[in-house]
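Below: the structure, in structure tokens.
The values are calculated or read from the model by the stated rules, or taken from the named source; none is laboratory data. From a predicted model like this one, the values you see are computed outputs, not experimental measurements. Here the Cβ positions follow ideal geometry from the backbone for every residue, glycine too, while neighbour counts run over all protein chains shown. Areas reflect the complete protein model, heavy atoms only, side chains present, ligands, DNA and RNA absent. Shrake-Rupley method; radii C 1.70, N 1.55, O 1.52, S 1.80 Å.
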Amino acid sequence: MLRSSKQNEYKVVIAYDFGTTYSGAAYAFTHATPAEVFDIQKWPHKAGNFFPKVPTLSVYRRGESRRPPLVDWGHGAKKAMLKPHAAKQNVLLSHFKLHLDESLTRPPLENGLRPVQAVADYLRALHEHTLQELTRGFAKNYHPDTFRYCLTVPALWSDKAKNTMRQAAIQAGLVAPSDPSDRLVLISEPEAAALYCEETMADQVQLKDGDRIMVCDAGGGTVDLIVFQVNLNSSGRRQLKEVTKGLGESCGSVFLDQRYRDLLEQKLGEVVMDKIPPREMSDLMDQFIDSIKPEFDGIDDHYVTLPRSVELDDLPSSLRDYDDGCLDEGTIKLSADELKQQVFDPVVGKVIQLIEQQYSQIPDGQLNYLFLVGGFGSSNYLYQCIQHVFLDTKVDQIVCPAERAALAVVRGAAYYGLNPQVIVSRVSRRTYGINAGLPFDEARDPPSTRVVRPDGSVRCTSRFLVFVRKHDELPVDHCIKEQMYVYYGTLKHTDIMLYATESDEVPRYYDEPGVQHVAVVSVPIPDMPGVMHGERIAYTVRMYFGSTEIRMEADFGTGQIYRVYCGFDATDNYGDPQQLAAA
């Protein structure tokens, strides 16, 4: 049984940005005027240093079966792997957020860990530390039940991935399954970044009524884009209206890391790379992550210090014969050209292509500002390339926040938790519908789907009944309802299946290729005294769209409402579709 919403009773909003490479946390007090967002900047095993993000790393004991306990996380995970023989004793998990992206083919996690378990373990550790930091200050005056949570998700994620994130948050102890749904809200990462830009930079760039803003959130794993129009309501407050269907792709900065590693292997040789111990390899990669990647401008060459374990005689002759004196100093030179061609340009090119694709969806081509945020978004080289392609020709101004670019998402999520009404409409990314028994068409429908109901009507049991079409603009929490029917006494319960498709064409049947099953509401048929066996009875199906998640409800008018709050791909068999489809 869900507890009733306490929308006006939440005292603190806590936002988590669970990232591919780094994660962040921020919080705000709901009754503070003006709204002020605070960052968590102190992290375990990072004494004396204040940094607003923590590495998304987890360490488990190697070889432990069933549910292995988390040994350490964040900076502690990096520190644990520096100990002697750590790689033999432990498993270090990194980039495991990418396992939730169904468009990527990723190897299974070590130790038999499931992605939802790995995410839940990390979120639990992040959450416990955040609560410790909060309760040292004014938040200790509030009971944790009055805390509201806002979790960010990539725009490209499927309904199944979003649901996995919600389930991980529940397993991590952020909320209980019985809590009201609005105690844990999800927001897409580019939407959160847009709110941050709107809230903190509107005066700097002088946003006006009707201005269009594109947000490019370039993070560690994904790059997400969204276009909003700024509208002023009757009270003069800015609101955001989504203009296009948001886009995203897994082409974040971790893919630069992989291409850099491939370049090193090409220069040093596979034999040398295989001999480098894990600790020294980590140091070799950190030179790129900490120095080359943020500083690269496409002009200057860079130099990498080789690990001690590398024997010069093992290096390829082409590298040893390179007469610039580098090897005598234990370094190798990476020219600007080879870094551009083999590391940066392939990934940056994907980002530019994604922006081009998003821009092409703007109906009249009006775009006033492009905000570049995220850890990868602060790259000078990425900014230069985007500016070269888009400035003046397609957008009036390109803006990268001088400070807190990497915090735009988590701080925007906190602003959203304070005021969800700031986003007034969204554009549907998919076509959604349910299974329904609609009138059978002898000329079009397969004979196997034909069924005769108790009232004599002939129905097709595999039809797709549309609720929302792809590209539809929907007000937030927009309700669409349909009256459905079952025949009393023929079923003990009816299952209402929610399906979705990425196709621009509306499917006729729910089992067509490309149609995915994303949610189900199982509804017991209530006792109805006086209703005859086989008599057709009505019930209402309501769908609430326009939020980051979908809410689906079924109501027989008895006072009991059955609902599901987010999508998932069910693997259970719900029985014969001919019996389950409502007429």
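Mind ordering 432-439, 386-393, 208-215, 481-488 by average Cβ neighbours within 10 Å, highest first?
The peptides rank, most packed first, as 432-439, 208-215, 481-488, 386-393.
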- Computed, not fitted: 222 nm per-residue ellipticity of the chain from DSSP H runs ≥ 4 (each -39500 (n - 2.57)), nearest 500, equal to -7000 deg cm²/dmol
- Query: When the Cα centres of the stretch 267-290 and the stretch 81-136 are compared, how far apart do they sit, in Å?
  - Reply: 22
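When DSSP assigns beta bridges and you keep just the ones with both residues in the chain, what percent turn out antiparallel, to the nearest 5? Each step should come with its number before you reach the end.
On the way: 84 of 105 bridges.
Counting only bridges with both partners in the chain, antiparallel ones make up about 80 percent.
Which whole-number percent gives the relative contact order of the chain, counting Cα pairs below 8 Å spaced six or more residues apart?
Working: 1153 pairs, mean separation 77.4, N = 583.
Once normalised by length, the contact order is 13 percent.
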- Cα-based shape type of the stretch 178-264, given that a ≥ b ≥ c are square roots of the gyration tensor eigenvalues and the cut on a/c is 1.5: oblate
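Order 9-21, 531-543 from most to least packed using the mean count of other Cβ atoms within 10 Å.
Values: 9-21: 22.7, 531-543: 15.1.
Top of the packing list down: 9-21, 531-543.
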- Note on the structure: Once the in-chain neighbours fewer than 8 apart are removed, the lysines whose Cα is under 18 Å from LYS11 read LYS140
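Which of the trypsin sites (Lys or Arg not before Pro) found in the stretch 26-108 are loop residues per DSSP with 14 or fewer other Cβ atoms within 10 Å of their Cβ? Intermediate values should be presented prior to the final figure.
Numbers: sites: LYS42, LYS46, LYS53, ARG61, ARG62, ARG66, LYS78, LYS79, LYS88, LYS97; in loops: LYS42, LYS46, LYS53, ARG62, ARG66.
Answer by residue number: ARG66.
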- Query: log₁₀ I(q)/I(0) of the stretch 119-274 at q = 0.09 Å⁻¹, via Debye over equal Cα point scatterers, no solvent, to two decimals?
  - Reply: -0.46
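I want to check a number: in the stretch 257-349, how many lysine pairs have alpha carbons closer than 17 Å, given a sequence separation of 8 or more or different chains?
Numbers: LYS267/LYS275; LYS267/LYS333; LYS267/LYS340; LYS293/LYS333; LYS293/LYS340.
Count of close lysine pairs: 5.
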- Expected field for LEU207, accessible surface area in Å² at 1.4 Å probe radius, rounded to 10, holds 20
- Heavy-atom accessible area per residue - the chain, 1.4 Å, Å²: 45
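What percentage of the solvent-accessible surface of the chain, computed with a 1.4 Å probe over protein heavy atoms, is contributed by carbon and sulfur atoms?
On the way: 12250 of 26250 Å².
Roughly 47 percent, rounded to a whole number.
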- Provide the percentage of antiparallel DSSP beta bridges, counting only those with both residues in the stretch 293-425; round to the nearest 5. 50
- Message: Could you check the spin-label model distance between PHE138 and ALA47? Points 7 Å from the Cα along Cα→Cβ, value in nm.
- Response: 3.1
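So in the stretch 125-256, what percent of DSSP beta bridges are antiparallel if you round to the nearest 5? Display every interim value, and only then the final one.
On the way: 15 of 20 bridges.
About 75 percent, rounded to the nearest 5.
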- Item | Those lysines that a straight Cα-Cα span of less than 24 Å connects to LYS208, excepting residues fewer than 8 apart in one chain | LYS241, LYS245, LYS394
- Task: Indicate the gyration tensor shape class of the stretch 292-410 (rounded, prolate or oblate), computed on the Cα atoms with a ≥ b ≥ c the square roots of the eigenvalues: a/c under 1.5 is rounded; otherwise a/b larger than b/c is prolate and the rest oblate.
- Result: prolate
- Task: Measure out, as a whole number of angstrom, how far apart the alpha-carbon centroids of the stretch 144-221 and the stretch 379-435 sit.
- Result: 12
- List the lysines whose alpha-carbon lies under 18 Å from that of LYS97, not counting same-chain residues fewer than 8 positions away? LYS53, LYS78, LYS160, LYS162
